[in-house]
Amino acid sequence: MNEQYPVLKDAEPFYFEGNRIGVLVSHGFTGTTQSMYPIGKAFADAGYTVYGPRLQGHGTAPEDMEKCTYQDWVNSIEEAYSWLEERCDTIFMCGLSMGGTLTLDAAAKHSLAGIILINAAVDIPAMEADQKVRFIDAIGSDIKKAGVVELAYDKTPVKSIGEIKKLMKETKVNLEKVTCPALIFVSEEDHVVPPDNAQMILEGIASEQKEIISMKESYHVATLDNDQGIIIEKSLHALQSWV
């Protein structure tokens, strides 16, 4: 899929070369790497090798995104995984929203050493697309903290909603293939992904080590919200304990 629009400032992929332990961090549906940069930077500051890919069709224009299939987003993750595999002996993954869905998808296919999920999505019943229109209202920037804005599209392509629904359906079916340690963050109030997704994931994956951490002070984009510090602290602790 050839993108027609330039990449927005702060939506570029980011890389940090560190030790032989890698962390792949993925942003979500209609979002950009800007939402994951603080988390990725914290991992890098702790010495890890980090790659935050820009998912295909994201960070440019909604007109690019609507040309993508969910497989394009999976391929973006696979490319990032290959980049880390060349440099690292051990790979973890961390994802926000659809980035969490892609993390679960990757964990079902690869020998990840552990996963960190932040408001990950496997079932959003309300996500029904009106097929009579091309775009619907934006879903980005669901943030409780005043003055913080997520860099995300200002409208959502209807065709792309069909694609994320396919990805969620496939990922949900394969949850039992996930066996690595999992840390599951969930916002108690989320206006995009129903919080009960966290329990579905906890019960669906076959991991022996798995834990839910509830966040009281953040909405959907928790990586940019009031609980950002808790996510970083608990995630770093998990990575250290899983190695």
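Odds and ends about this structure:
- Dipole magnitude of the chain, debye to nearest 20 (Cβ charges: Lys/Arg +1, Asp/Glu -1, about Cα centre): 160 debye
- Separation between Cα centres of segment 184-243 and segment 60-127, rounded to whole Å: 16 Å
- Across all Cα pairs in the chain, the calculated P(r) in 5 Å bins from zero up to the longest distance comes to 1, 7, 15, 21, 22, 18, 11, 4, 1, 0, 0 percent per bin.
- Measuring nothing but protein heavy atoms, the accessible surface of the chain at 1.4 Å probe radius is 48 percent carbon and sulfur.
- Summed residue charge, Cβ within 10 Å of residue 141's Cβ, Lys/Arg positive, Asp/Glu negative: -3
- Over segment 111-219, the reciprocal of the mean inverse Cα-Cα separation, the Kirkwood hydrodynamic radius, stands at 15.3 Å.
- Residue ranges 223-229, 32-38 sort as 32-38, 223-229 when ordered by packing (mean number of other C-beta atoms within 10 Å per residue, highest first).
- Kirkwood-based shape ratio for segment 24-165, expressed as Rg/Rh from alpha carbons: 0.97
- Helices in the chain, meaning DSSP H runs of at least 4 residues, each add -39500 (n - 2.57). Divided by all residues, the mean residue ellipticity at 222 nm is -10500 deg cm²/dmol.
- A simple count of charges around residue 200, restricted to other residues whose Cβ falls under 9 Å of its Cβ and scoring Lys, Arg +1 and Asp, Glu -1, yields -2.
- Amide H contacts of residue 92 (H built 1.01 Å from N, under 5 Å, at least 5 apart or other chain): 22, 23, 24, 113
- Debye intensity ratio in log₁₀ form over the Cα atoms of segment 39-96, taken at each q of 0.15, 0.26 Å⁻¹: -0.52, -1.08
- Proximity of backbone amide H atoms, modeled 1.01 Å from N, is registered between residue 213 and 184, 185, 186 at under 5 Å, excluding neighbours fewer than 5 places apart on the same chain.
- Gaussian network model of the chain, Cα within-10 Å springs - most flexible of 86, 233, 170: 86
- Net charge contributed by nearby residues that have their C-beta within less than 14 Å of residue 182 (K/R +1, D/E -1): -2
- Averaged over its residues, segment 43-155 has an accessible area of 38 Å² per residue, based on protein heavy atoms and a 1.4 Å probe.
- Across segment 136-147, rounded Karplus estimates of 3J(HN,Hα) from the backbone phi angles (6.51 cos²θ - 1.76 cosθ + 1.60, θ = phi - 60°) give 10, 4, 5, 10, x, 6, 7, 10, 7, 5, 5, x Hz, Gly and Pro being marked x.
The values are calculated or read from the model by the stated rules, or taken from the named source; none is laboratory data. Everything quoted here is computed from the prediction, not taken from an experiment. No Cβ is skipped: glycine too gets one built from the backbone with ideal geometry, and neighbour counts run over all protein chains shown. SASA here: full protein model, heavy atoms, side chains in, ligands and nucleic acids out. Shrake-Rupley method; radii C 1.70, N 1.55, O 1.52, S 1.80 Å.
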